Amino acid sequence: MLRDTWTKTLWDQRRSLLGWAIGFAAVSLVYGGFYPMVAIPEYQDLIEGMPPGLIEAFGWDEISSPHGYLGSTVYGILGPVLAIVMAIGLGSRAIAGSEEDGSLELLVTHPVSRTSVVLQKAAALAVAMLGAGVVVFLAIIVLRGPIEIDIAWTHIAAASLNLALMGLFFGAVAVLVGAITGRKGVTVGATAGVAVFAFLANGVLPQVDALAWMQNLSPFYWANGSTALRDGLDAGLTLALAGASVVALAAAVAAFNRRDIGA
């Protein structure tokens, strides 16, 4: 029998985590493998004929380059969507889901503090998200030679780390909402709303001059796959992603310690 909450959480989720790993690998390999088809002048001309706002929102301005293509597909749209959905699912089950199915009340009757419960659930979430980042990293490394992706492996690692940390942030938000409400449906809906707003703040709202400052507050901007693939790790932005998750989890601990479970 597993003695630690975080290891038991990972063990209980082993089948779903395997499924997510396959999904991340498939998306990375399939969409990454399409790069030679878009690395031609005709495709760039097609993109340039689209509305500028659409190009900016989806990061297609450098799509004919390796970092621009991977940054706008694997690390810009598809990877983040998978990471966010995975993180919200895991984060909403961590507290709210466990409370609704009755397992949380049993857990807190054991000699373990509520703070430890939240932190160990968060540790399991962090391991799962970092594992997803490793899968994406390995998939792109496998493709790098066959399709001639001229990007340093350290830059790929930086983009993959930021992808994992962005997922961890939204998972931490889900843990926080679950700790406050104890309701899984509310947690999923609220966190999904935060994710949609963060996407708009990064790609759509900056097109309005008065709202451009909001981009700096978006996890999508902090994770920016194209920039990481081109320039490597930006310690400030990566720390912002990690720090935002820490703040959300600290708030979750405070909320969970004050709430009457099952009330």
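Counting only residues that are in a helix (DSSP H, G or I) and aromatic (Phe, Trp, Tyr), which one in the stretch 2-37 is surrounded by the most Cβ atoms within 10 Å (Cβ to Cβ)? That would be Phe24. Taking the stretch 179-263 as the region of interest, the helices (runs of 4 or more DSSP H) fully inside it that hold 1 or more residues being without any contact (Cβ under 8 Å) to a residue 12 or more places away in the chain are 184-203, 235-258. Suppose the filter is within 30 Å of Arg259 (Cβ to Cβ), open to solvent by less than 30 Å² (accessible area, probe 1.4 Å), among the charged types (D, E, K, R) and at pLDDT below 90; does Glu105 pass it? Spelling it out, it is not the case that Glu105 is within 30 Å of Arg259 (Cβ to Cβ), open to solvent by less than 30 Å² (accessible area, probe 1.4 Å), among the charged types (D, E, K, R) and at pLDDT below 90. It is to be established whether one or more residues within the stretch 184-199 are in contact with a helix residue (DSSP H, G or I) (Cβ under 8 Å, 6 or more places away or on another chain) and more than 18 Å from Val85 (Cα to Cα). No, there is no match, as no residue in the stretch 184-199 is in contact with a helix residue (DSSP H, G or I) (Cβ under 8 Å, 6 or more places away or on another chain) and more than 18 Å from Val85 (Cα to Cα).
Quick check: is even one residue across the stretch 130-138 part of a helix (DSSP H, G or I), in contact (Cβ under 8 Å) with a residue 12 or more places away in the chain, open to solvent by less than 50 Å² (accessible area, probe 1.4 Å) and over 17 Å from Ala164 (Cβ atoms)? Checked the stretch 130-138: no residue is part of a helix (DSSP H, G or I), in contact (Cβ under 8 Å) with a residue 12 or more places away in the chain, open to solvent by less than 50 Å² (accessible area, probe 1.4 Å) and over 17 Å from Ala164 (Cβ atoms). Scanning the stretch 225-263 for residues that are under 20 Å from the mean Cα position of the chain (by Cα) and at positive phi yields one hit, Gly232. Reported count of residues in the stretch 163-198, each being within 27 Å of Ala123 (Cβ to Cβ) and under 13 Å from the mean Cα position of the chain (by Cα), is 17.
The values are calculated or read from the model by the stated rules, or taken from the named source; none is laboratory data. Every value quoted in this text rests on a predicted model; they were computed, and no experiment measured them. All Cβ positions, even for glycine, are placed from backbone atoms using ideal geometry, and neighbour counts span all protein chains on display. Side chains are part of the model used for accessible areas, which takes the heavy atoms of the whole protein and leaves out ligands, DNA and RNA. Shrake-Rupley method; radii C 1.70, N 1.55, O 1.52, S 1.80 Å.
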